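What follows draws every value from the coordinates through simple rules; no lab data is involved. Quantities reported herein were computed from a predicted structural model and do not represent experimental measurements. Cβ atoms come from the backbone with ideal geometry, glycine included; neighbour counts cover every protein chain shown.
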Amino acid sequence: MYFLGKLGWCVSLLASHCQWFKRTGAALLFSSARDLGFGCACSSLRLSPVCSSCLQVIVDTPTSPVTSGLPLFFVITVTAIKQGYEDWLRHRADNEVNKSNVFVIENAKQVQKESEKIKVGDIVEVKADETFPCDLIFLASSSTDGTCYVTTASLDGESNFKVMEMDGQHVTKAGACAECVCVMINWRMLLQHPSPRPQLYLTSPPSVCSSSESAAKSLGPENLLLKGATLKNTKKIYGVAVYTGMETKMALNYQGKSQKRSAVEKSINAFLIVYLCILLSKATVCTTLKYVWQSNPFNDEPWYNEKTKKERETFKVLRMFTDFLSFMVLFNFIIPVSMYVTVEMQKFLGSFFISWDKEMYDEEIKEGALVNTSDLNEELGQVEFVFTDKTGTLTENSMEFIECCIDGHKYKDCISEVDGFSQTDGPLKYYGKAEKSREELFLRALCLCHTVRIKQADQVDGLIGHPECKNTYISSSPDEIALVKGAEKYGFTFLGLENDFMKIRNQKNETEMYQLLHTLNFDPVRRRMSVIVRTTTGTLLLFCKGADSSIFPRVQQEEIQQTKVHVDRNAMDGYRTLCVAFKELTQKEYDRIDRQLNEAKMALQDREEKMAKVFEDTEADMHLIGATAVEDRLQEQSAETIEALHAAGMKVWVLTGDKMETAKSTCYACRLFQTSTELLELTARVVGESERKEDRLHELLMDYHKRLIQDVPKPRGSLKRSWTLSQEYGLIIDGSTLSLILNPSQDSSSSHYKSIFLQICLKCTAVLCCRMAPLQKAQVFPLYSPLTEASGPCALTCGLSDHWGMWIEGKQINFSDNAMLQWRPFLYWTFLGAFEGLVFFFGVYFLFHNSSLEDNGKVFGNWTFGTIVFTVLVFTVTLKLALDTRFWTWMNHFVIWGSLAFYVFFSFFWGGVIWPFLKQQRMYFVFAHMLTSVSTWLAIILLIFISLFPEILLIVLKSIKERSHQSSRKAPKSVSSRPSVTPLLLRTFSDESNVL
């Protein structure tokens with residue numbers, strides 16, 4: 001075991017360093033050639049200057065090799081600095097974790113070593129508020145009950161406390177210390193664990209056996225402390241390393257930093273192929289025209305440029321090829337190397353502005369926005385779909401007990417002591433009451449059916465405490481804390497768990513003891529949890545609480561209706577509801593359940609399936625007692641945030657496991673749905689549970705598809721988005737119906753469910769997916785993969801559970817629209833560039849027909865000709881940028897007007913000084929002398945105006961059209977209460993596509 005652990009550590013360390021050197025080296029060479037699909041396009045940008053430099057050395061060309069080599073060197077340098085800086089930040093963060101010091105027990109002594117040097121089999125000590133350096137099997141705890149509390153926010157986003165337990169047969173509960181843990185080293189214990197797997201909790205568990213045992217004992221997820229989790233409210237624990245390095249579950253779930261490329265960069269790569277084809281075409285045409293013109297002997301060898309002997313003896317085909325290469329070099333400027341530099345610098349510098357944004361700074365946690373990579377900065381302005389959870393994202397995940405019902409009787413606030421419940425606070429509200437024995441049974445169920453633990457208030461870190469009590473409740477679920485606190489308000493107080501006995505104080509201030517025999521833990525598939533307890537009189541009771549859809553099928557049917565009314569009403573009010581049931585067990589029934597549970601727990605194969613089967617059999621034929629209602633408050637400004645997302649043209653999907661009525665009410669509260677939104681429902685209630693449910697689903701899908709897509713008139717003239725319709729639509733779907741859509745039967749009618757469903761969703765401004773299991777949430781997100789490009793999803797984490805968190809798909813718009821929006825601007829800008837190029841050249845060319853441009857009768861030369869063309873180009877392009885700017889800041893003004901000023905200053909400076917390192921200085925005093933001519937001034941101004949005239953005309957016409965459109969819409973007010981706004985990039989593309 002020691003050798004394998006050491007070998008795994010060395011391999012992990014080597015892989016980590018090799019990965020860093022590989023990425024840095026790749027950035028220096030071809031950082032944009034990140035996959036084979038776009039390798040040709042990316043290489044054309046980088047290899048073009050390389051080929052040009054080589055050709056200029058071999059072939060006689062009119063330009064210097066330096067002019068092509070310098071841009072390449074500059075591009076690679078800028079890219080290397082940017083990528084290297086980001087990699088250095090990540091490498092530094094990795095070192096902070098890998099080099100952190102931990103204590104390991106070796107030879108009965110505490111030894112301090114770096115966390116990256118931990119080997120499999122080492123016994124590690126972890127103190128409070130420290131993260132686990134590797135995956136550990138829990139051995140000993142400073143707590144007398146043999147438990148510890150951890151948070152797994154960095155693993156699964158859950159900030160609630162989880163209770164971890166030791167295997168009582170192999171560890172001591174007398175408190176953790178180095179001496180008592182060292183005793184374990186002398187044990188002959190064999191720890192068997194399967195190959196590492198990425199699943200955090202659902203894995204084949206490790207097993208352990210000692211020399212005194214013949215059979216192996218299976219360990220569960222509650223015995224495994226995962227790397228990345230943090231120890232809380234426990235002084236210290238000891239654990240044995242079972243997975244280290246790249247074999248930890250955290251490392252297996254880390255897919256590495258993917259080389260993401262934005263839509264702009266991919267568009268540039270695609271357009272470069274077009275420009276490369278244009279370059280080849282220009283070189284071919286020019287080579288052909290040259291030899292056509294030289295077919296005349298006078299033109300082939302004029303008297304002032306006679307050929308050398310070597311040129312006359314060269315093969316004509318070889319001369320044609322070298323001329324072709326010369327034209328390639330001459331026109332190489334068509335490959336926009338400087339544009340790539342501009343894009344890279346914009347991304348790099350833009351990431352700093354995101355970090356400096358004061359509006360994204362959280363005063364509570366003293367942190368701002370963190371940019372891990374700058375590759376996708378511009379994608380933030382192109383987001384169309386936002387996927388969000390409800391609990392902890394739209395809501396605070398801070399629960400408060402509101403009311404309950406017992407046998408159909410409603411209890412809200414507090415009832416006086418004579419009516420059954422002891423009054424501790426709040427006004428008296430009487431709704432009728434159940435029998436006193438049923439009230440007490442219900443409250444005992446709330447006090448016993450949970451996994452809540454109690455910690456002393458002075459040892460608690462950041463938890464909700466009781467001002468009047470020195471104890472604080474801790475649980476992995478805030479619902480359980482709310483229910484225990486609700487029972488406390490009504491006179492039943494949970495006092496804690498000690499030596500497997502749960503203690504509660506009843507209304508008479510008497511202490512009751514219940515032996516905790518088994519806990520059937522909650523899971524998202526069962527949607528319920530249960531406990532089996534034994535009273536002091538020997539009575540065996542099973543208490544169960546869970547979702548109504550999970551409890552109702554397992555209780556007596558005549559008991560459901562009186563409670564279901566309250567559950568449905570509370571759900572419509574936006575409260576989270578749970579139903580509570582119980583049953584009394586005989587000793588024979590308990591013995592059978594105990595045997596089956598122990599067999600399932602010790603199973604080394606298919607443990608989860610066997611446990612689920614025992615749970616299913618145990619939680620049957622129960623009796624319904626009542627239900628509870630708990631409120632989960634909305635996050636601050638969650639409604640305003642949803643409004644802002646909709647106003648920006650984004651569509652929000654809420655994925656939750658809550659009841660439909662609860663989730664629907666929350667969606668109205670956070671303004672996901674407006675009162676004017678027409679809701680389309682695809683749930684089990686409308687589809688039905690009969691054998692014809694797939695036929696009914698097909699009818700609903702076709703009806704909604706016809707209403708949203710087929711009956712909507714297609715827009716003309718421009719690309720309109722779905723949210724510009726006057727009527728807004730929202731969709732509600734539950735987990736069972738989603739399963740029918742994702743996993744239809746084999747008949748032909750159901751094979752198109754998914755495509756029809758996606759088309760309907762694209763036309764809805766908001767979608768609510770309720771009653772969903774975690775696996776279904778994971779299945780919803782990839783539904784849009786056919787509509788996305790190769791970059792895939794981008795995860796933007798603005799917070800974990802207490803702040804906004806969003807899954808964002810960077811380019812989730814219809815693919816055909818996306819292609820049109822990309823190529824229309826490309827063709828528009830290409831034709832615009834061709835038009836302006838013709839204006840620049842021929843405008844100056846016709847100007848030079850006048851032989852006397854100077855007052856003294858002198859004629860300008862070719863250097864002045866080129867300077868005038870370039871001056872008109874610089875001013876036209878910069879002013880065009882000013883016309884396209886929609887939001888002006890001081891930086892826009894500084895860059896745009898500063899660029900023009902810098903060009904004028906540099907032209908005077910470069911041509912006004914004799915530079916000693918230049919052999920020939922043909923530009924000396926050309927710019928200053930050019931501006932002495934009034935005709936030149938008039939020509940520059942006139943050509944700039946002619947070049948920008950189409951743009952100015954389009955802006956004027958568009959402004960007139962928008963004003964007339966706004967005035968026509970003022971009379972009939974839109975049904976929708978939201979503004980019709982499209983994303984910035986789409987708006988720009990649509991505006992320019994109107995030209996065509």
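The residues neighbouring Phe315, those whose beta-carbon lies less than 15 Å from its own, together hold a net charge of +3 under the Lys/Arg +1, Asp/Glu -1 convention. Measuring against 26 Å, Cα to Cα, the residue pairs Lys227/Lys503; Lys412/Lys651; Lys119/Lys236; Lys82/Lys282; Lys99/Lys236 contain Lys227/Lys503; Lys412/Lys651; Lys82/Lys282 as the ones spanning a longer distance.
Counted by neighbouring Cβ atoms within 10 Å, the residues Lys82, Lys127, Lys390 run from fewest to most as Lys127, Lys82, Lys390. Here the extension length gained between Ser899 and Arg438 equals 157.8 nm, from 0.36 nm per residue of separation less the Cα-Cα distance.
As a rough guide to protection, the peptides 570-579, 495-504 ranked by mean Cβ packing within 10 Å, highest first, stand as 570-579, 495-504.
Full extension of the chain between Ala612 and Lys290 gives 107.6 nm of extra length, using 0.36 nm per residue less the Cα-Cα distance.
Holding the Cα-Cα limit at 30 Å, pick out from Lys489/Lys601; Lys232/Lys485; Lys455/Lys508; Lys127/Lys366; Lys162/Lys436 the pairs that are longer than that. The pairs that break the limit, which is 30 Å between Cα atoms, are Lys489/Lys601; Lys162/Lys436. Scoring 655-663, 585-593 by mean Cβ neighbours within 10 Å over their residues and listing the highest first yields 655-663, 585-593. Once the C-beta distance of Gln587 and Val565 is scaled by a Förster radius of 35 Å, the resulting FRET efficiency is 0.40 to the nearest 0.05.
Using the average count of surrounding beta-carbon atoms within 10 Å as a protection proxy, the listed peptides 117-126, 895-904 rank, highest first, as 117-126, 895-904.
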